[in-house]
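The values are calculated or read from the model by the stated rules, or taken from the named source; none is laboratory data. Here the structure is a predicted model, which means the values were calculated and not measured. Here the Cβ positions follow ideal geometry from the backbone for every residue, glycine too, while neighbour counts run over all protein chains shown. SASA here: full protein model, heavy atoms, side chains in, ligands and nucleic acids out. Shrake-Rupley method; radii C 1.70, N 1.55, O 1.52, S 1.80 Å.
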Amino acid sequence: MEKYTVAELPLDEQNVLEQLYGGQMNENQGYSPNHILYVRELTTAEEGLFTNCTSFQPLGVLVQNLYKIRGRLLPPHFNRALYKMVEECDALRLNYCSVGKRILAVVFQERRVLAPVVYRNLEGIEEDELDATLHRIMDADLRQGIDVRHGCLMRFSIFHTHNDEYAVLVTAVQAVLTDFDVRKLFVRALGLKWEESAQPANGAMMQKSAMAAPVREYWKKILGNFPQNCRIPKYGKTSIPVPRHRAYFTHLPAPILSDLREKAKDKKSMLMAILQTAWGLFLLQENGCRDVGFCLRVPRREKGADGQSRIPSLVPLRLQVENDNVTIQEIVNKLFQQFVISQPYAALGRSDIESLMGKQKGIFDHFLDFCDFHYETHSFEKAPGAVDGQLILQKFWDGRDNKLSIAFHHEEHQLSISMQYDERFFDREKIEILVKEYLQVLQQMLTDWNLPIGVFQERLGNRLERVENSVTERVDSRAVLQDYLSRITLFKELDRGFIQRFMEYARLDVYFEGDRLAGKDLDGQMVFLGMGRVARSIELGDGWYHTLDIQKEGGWLNETVLLPDRKGDMALEVLTERAVILTVPLDKAHIIMDQTPLMPKCVIQYVIRQMEKYQRLWIQS
């Protein structure tokens, strides 16, 4: 692949790079913190992993790999190996940037700032709880996303699970892993010598370029007269001008899950069919039609070397209602049979669908992701480990030309829904309404299981109308903020006027189960828990974060922020479905404290109560 200097590019492309990374100067002119070593066009493998459009911020496929390593892995050794690899490997100093009509790979001379490596101690956790914890961490980490234009396109989290045994989570832009073998980093971190292997790294498994003839013929027939894109519920333009994906997470309410399992007879395949049908009926109701098409994402039929299907395949489904007398159960069974027939042909990529339908892009603008339903559950504790990392689990997220992605996760006692949405078309409020309405569709389906769809649609219309009416009255955001501040234990003895002063600077954020806050998220601000439960972890100098306690709503989460010379760093992890976190800049809080004599007294009393609590716990232990 030919390489170019910035000066060799057309002027308009040079301007884009300068806008993003600053002016480029040689050593004689001065220092450039983002000095570009060279740029190049994308390889064929990379091109297939990015969005069709050349928006200012290109979107690529993200991949998560969970490895099991055996050996003695110390944080300083891993950090040293990582920084050495950054110096040697272009892939770790690489970003992707749209410069107008094309996307370029931009390689920098140095990478001064890396995403902090998370080191966490999970020793002593039971086998089932460990698996659930790792899955929760993976889902939360994937929700963070990666900006392909800035910073390292790969981040690491390391968990000490047993003696000389570690779980290593690698989240990366998949295009980077096409030319980088992460196993080399693991071996170096353990102080061993790396030996090049003929076997390629399985960190970024690629979609095959050609379909078998029977597969092509099957999908050509299915997609020949497929319905055009239908309108997604709550879809609409927002004020956000560029692609920007955000996450939303929720659990299925227990009553709905109980009814769902009863109708599905605890079979995953039927459970999946009911969830798919609910979305199809939601689309019918939204678009006022009788024929809609949508697309699933499931593991493709080819399996990896370890017997696990990892590469996602797209499976288009079509829901047609021929008359008003067909029952909900019959519609579910029909969609179930359609998926069962199509599943053996699950070998479709985005480009395959485009070629079969004769279109270039945007065939499907949203997806239902059921990959989690099809992965075989492997216990991390029982899986074999290796010094160069044994791949245990792999997950993908594909945001290309994607307005909405709805992923369903099935666990033993619960079912969760994780959404990734483009803020150009949805905001948080619309997504919350969409989820409420989808759950109403699901509830009405289970209630009207043996009734005709005509009756179901009439009842559903009334139910959705009630949901719309219930959200028309907007809640005053300042009233919500004041309510949360009044719940904070530290402020209990202070009057309303004091809380009003804090409202000028307080910020309210919503986080989801598994989300983690540390470092810059906590530095320079007082952090309080308005709703939910949070686990606090502390690092005492050895690099590993150890669980400290669990805080409930109203708690002050980082009391040591007032100390000028803290001995340890704090990290937070959300344990409940969602948590409301309030933050107040520390400099503003100091001003209010200086003007409110009662405030220092409240701080002292709060800290002494915390000390008293830990004294009791110490004696009891």
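For the range 117-195, which GluC sites (Glu not before Pro) pass both filters: DSSP loop (anything but H, G, I, E, B) and at most 10 other C-beta atoms within 10 Å? Counting only loop positions with at most 10 other Cβ atoms within 10 Å, the GluC sites (Glu not before Pro) in the range 117-195 are 126, 195.
How much length is gained if the chain between residue 467 and residue 267 is pulled fully straight, taking 0.36 nm per residue apart and subtracting their Cα-Cα distance, in nm to one decimal? Before the final figure, lay out the partial values.
On the way: separation 200, 0.36 × 200 = 72.00 nm, distance 3.05 nm.
Additional length available on full extension: 69.0 nm.
Remark: for residue pairs 520/552; 403/520; 395/567; 382/430, the C-alpha separation exceeds 32 Å in 395/567; 382/430. Annotation for residue 40 and residue 510: the two label points, set 7 Å from Cα along the Cα-Cβ direction, are 4.4 nm apart.
A straight Cα-to-Cα reach below 15 Å connects residue 265 with the aspartates and glutamates 412, residues fewer than 8 places away in its own chain not being considered.
Across the range 480-621, C-alpha contacts under 8 Å between residues 6 or more apart give a mean separation that, scaled by the residue count, equals a relative contact order of 32 percent.
Express the accessible area of the chain per residue in Å², computed with a 1.4 Å probe while the remaining protein chains stay in the model. Working shown, then result.
On the way: 29220 Å² over 621 residues.
Per-residue accessible area for the chain comes out at 47 Å².
Amide H contacts under 5 Å for residue 533: 575, 576, restricted to partners 5 or more places along the chain or on a different chain, H placed in the peptide plane at 1.01 Å from N. What's the tally of Lys pairs in the range 3-190 whose alpha-carbon atoms lie under 25 angstrom apart, where the two lysines are 8 or more places apart or on different chains? Lysine pair count for the range 3-190: 5. When the Cα positions of 547, 582, 479 are compared along the charge dipole of the range 477-620, 479 comes out farthest toward the positive end, with charges on each C-beta of Lys, Arg, Asp and Glu.
Surface composition of the chain: carbon and sulfur make up 50 percent of the accessible area, probe 1.4 Å.
Classify the range 3-190 as rounded, prolate or oblate from the Cα gyration tensor: take a ≥ b ≥ c as the square roots of its eigenvalues, call it rounded if a/c is under 1.5, otherwise prolate when a/b beats b/c and oblate if not. Here the range 3-190 falls in the prolate category. Estimated from helical segments only, the mean residue ellipticity of the chain at 222 nm is -10500 deg cm²/dmol, where each DSSP H run of four or more residues counts as -39500 (n - 2.57).
With contacts defined as alpha carbon pairs under 8 Å and 6 or more residues apart, what's the relative contact order of the chain in percent?
Numbers: 1066 pairs, mean separation 90.7, N = 621.
Dividing the mean separation by the residue count of the chain yields 15 percent.
For the chain, list the DSSP H helices whose alpha carbon atoms reach 18 Å or more along the long axis and whose average Kyte-Doolittle value is 0.0 or above?
Working: long enough: 75-88 (20 Å, -0.86); 127-143 (25 Å, -0.74); 268-287 (29 Å, 0.65); 328-342 (21 Å, 0.61); 428-447 (29 Å, -0.04); 453-470 (25 Å, -0.71); 598-620 (33 Å, -0.16).
The answer, listed by residue number, is 268-287, 328-342.
What does the convex hull of the alpha-carbon atoms of the chain project to on average, in nm²? Walk me through the numbers on the way to the answer.
Details: hull surface 128.3 nm².
Projected over every direction and averaged, the Cα hull of the chain covers 32.1 nm².
Sites listed here are trypsin sites (Lys or Arg not before Pro) in the range 247-277 whose DSSP assignment is loop and whose Cβ has at most 12 other Cβ atoms within 10 Å: 265, 267.
Sites listed here are GluC sites (Glu not before Pro) in the range 379-462 whose DSSP assignment is loop and whose Cβ has at most 12 other Cβ atoms within 10 Å: 412. Hey, which lysines would be in cross-link range of residue 263, C-alpha to C-alpha under 20 Å, not counting anything within fewer than 8 residues on its own chain? The qualifying lysines are 334.
Lys and Arg at +1, Asp and Glu at -1: add these up for the other residues within a Cβ distance under 11 Å of residue 240 and post the number. Intermediate results must be reported in sequence, preceding the final value.
Numbers: positive: 237, 244, 246, 424; negative: 422, 423, 427.
Net of charged neighbours comes to +1.
In a shell of Cβ-Cβ distance under 15 Å around residue 327, excluding residue 327 itself, what net charge do Lys and Arg (+1) and Asp and Glu (-1) give? So the environment of residue 327 carries a net charge of -2.
Straightening the chain between residue 129 and residue 616 buys 172.6 nm, computed as 0.36 nm per residue apart minus the Cα-Cα spacing.
How much net charge surrounds residue 174 when only the other residues with a Cβ under 10 Å from the Cβ of residue 174 are counted, with Lys and Arg +1 and Asp and Glu -1? Provide the component values of the computation, followed by the final result.
Working: positive: none; negative: 46, 398.
Residues near residue 174 contribute -2 overall.
Relative to the current alpha-carbon distance between residue 413 and residue 101, full extension at 0.36 nm per residue lengthens the span by 107.4 nm. Relative protection proxy for 400-407, 602-609, from highest mean packing down: 400-407, 602-609 (other beta-carbon atoms within 10 angstrom).
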